Structure formats: C-alpha cells, structure tokens
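Q: Please see the structure below; I have some questions.
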Amino acid sequence: MVKFFIPLVVMQLSFAFSQELPGLDPNKKTTPIHASYFRPGLIKASATISPGRMIQNDANTINLSGFLEYILDENYSVRGDVIQFLDAKFGSNSVITPNFQNRLYVGVFRHFGKGNLRWYNGIQAGTTVTNYADNFLLERKTYVAPSFGIKTGLAYYVWDYFHFFADISYVNSTLRGTSFGSQHMDELFFSAGLGFQIQTRKQVKNFRIIGTPSF
C-alpha cells in the first residue's frame, strides 16, 4: 500500500507544479518578455545640429536645436523645443539676412504605436526673436514675433537611458515692420540623433528585466 501511495503523491505534486509554473511543462510554449522603455513618467532630452530651409526667404540654414519632453501616459506628452540659428547660405532672392534668430516652442504631442517603436505628432506655440540688418535704413533691428510649429517624427527606444529619433518640423512666423513690409519667415527643419532619457516613476516588476540595449 505504501509503495503504491508514494508514486501517487509524486505524480500529484508534479501535476500541481506543472499547472502553477507553465515553464516546467515542456508541452507549453513560453513567450519571452521584452522590456518596454517608453513609459509614463519618462523625461527625454537631446540637442543636435538641424539643417533648415527658409521657404519664402530663399536660404538654407544651419541651426542648433534641442528639446525637453515629459511623457504623461502611453499616448500624450508635453514638449518644449528651442532652435538657435547658427549660419545660413542666402540666395540672390533673400530679402532678410538674420544675424541672430532664436525660436522657442512648447506644446502637446500624441504618440502612436506599441513597444519601443513610436511615431509622434505635435503642435506647439511659441515666439521667434530675430535680429537682422535692414539694408535700406543701414541699421540693425530686433523683432519678437508670435509663432507656431508642427512636428512629426519617429523614435526607437533601445535602453533605459537613450533612444534614437528623427523628425521634421514646420514653423510659421512673420517679421513685421521692415523696409520691405511684412516678411514671412516660415521654415522647415530636419533633426535626427541620439536622445537621452530618465524614468521618474517607479515601476512595479514581478520579474527581472535585464536593462541592456536591444538592437
């Protein structure tokens, strides 16, 4: 009787553990868990060189751009951008040749996708500060204009601390009070590079995730 009971208990324990721990059952397939680095509470930032194209002013520009962004939830974030004019190649049809130009924006972004590959769109309001030479009056002027921007891009999160991104921006502003009347200073910008991030919220984990880059 004892010899029969012991094998029966062993069989019951084996069956019970195989039900509670599916990984012990060779007939059941397990799906590996991949870390998702895009999470609410994430703070992102970066700075990079951004080429630009002035639409009405016939000029190709070089700018230093940077952003700071906070992820509110899986779909929305708040982001601020700054674009600092560095240099430009002006065409023969250029009317305004800025010596200094700074654009500052803040707005809301919408994120699409799942996992670590995310597409985003955003709209921002801000200001454009321009210092330019008025060739007709032979003097320099500084003008502050309201502005807005639209941005679309793609980001791939590869680790807890950094991601890659690429985006295109359109900004709209008008320079008023020049010797030639009001001048549109609309511009297209392209930005790409390495972004840095840090998580500000603690995540409850029931399993261990090895935080190494995933390429």
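The values are calculated or read from the model by the stated rules, or taken from the named source; none is laboratory data. Model, not experiment: these values are computed from the prediction. All Cβ positions, glycine included, derive from the backbone under ideal geometry; neighbour counts span all protein chains shown.
Q: Could you please find all residues in segment 39-75 being within 16 Å of the chain's Cα centre (by Cα) and of a type in the set (Gly, Ala, Ser)?
A: Result: Gly41, Ala45, Ser46, Ala47, Ser50, Ser65, Gly66.
Q: So which of Ser36, Ser92, Ser14, Ser18 ends up being closer than 25 Å to Ser182 by Cβ and either surrounded by fewer than 17 Cβ atoms within 10 Å (Cβ to Cβ) or modelled with pLDDT under 85 (or both)?
A: The conditions single out Ser92.
Q: While we're here: Is it fair to say Gln183 is modelled with pLDDT under 90, of a type outside the set (A, V, I, L, M, F, W, C), at negative phi and in a strand (DSSP E or B)?
A: yes
Q: Further, regarding this structure: Being of a type outside the set (D, E, K, R), more than 22 Å from Arg118 (Cα to Cα) and surrounded by 14 or more Cβ atoms within 10 Å (Cβ to Cβ) is the filter here, so list the residues in segment 164-187 that pass it.
A: Selection gives Val171, Asn172, Ser173, Thr174, Leu175, Thr178, Gln183, His184, Met185.
Q: Which one of these does Gly66 not meet: (1) surrounded by 14 or more Cβ atoms within 10 Å (Cβ to Cβ); (2) at pLDDT below 95; (3) not aromatic (Phe, Trp, Tyr)?
A: Result: Gly66 passes all but (2).
For every residue, the table says whether it meets (1) in the same structural domain as Phe90 (by TED's automatic domain parsing); (2) surrounded by fewer than 12 Cβ atoms within 10 Å (Cβ to Cβ); (3) over 30 Å from Ala35 (Cβ atoms); (4) modelled with pLDDT under 95.
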| position | (1), (2), (3), (4) |
| --- | --- |
| Lys114 | yes, yes, no, yes |
| Trp119 | yes, no, no, no |
| Gly122 | yes, no, no, no |
| Gly126 | yes, no, yes, no |
| Phe136 | yes, yes, yes, yes |
| Arg140 | yes, yes, yes, yes |
| Ala145 | yes, no, yes, yes |
| Gly149 | yes, no, yes, no |
| Ala155 | yes, no, no, no |
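Q: Applying the selection to segment 96-148, what residues are among the hydrophobic types (A, V, I, L, M, F, W, C) and more than 21 Å from the chain's Cα centre (by Cα)?
A: Within segment 96-148, Ile96, Phe100, Val129, Ala133, Phe136, Leu137, Leu138, Val144, Ala145 qualify.
Q: What's the number of the condition Glu74 fails, among (1) under 26 Å from Ser46 (Cα atoms); (2) in contact with a strand residue (DSSP E or B) (Cβ under 8 Å, 6 or more places away or on another chain); (3) in contact (Cβ under 8 Å) with a residue 60 or more places away in the chain; (4) of a type outside the set (Ser, Thr, Tyr)?
A: Condition not satisfied by Glu74: (3).
Q: Does segment 148-177 hold any residues that are acidic (Asp, Glu) and either in a strand (DSSP E or B) or touching a helix residue (DSSP H, G or I) at 6+ places or on another chain (Cβ under 9 Å) (or both), and which are they?
A: Listed by number, the list holds a single entry, Asp167.
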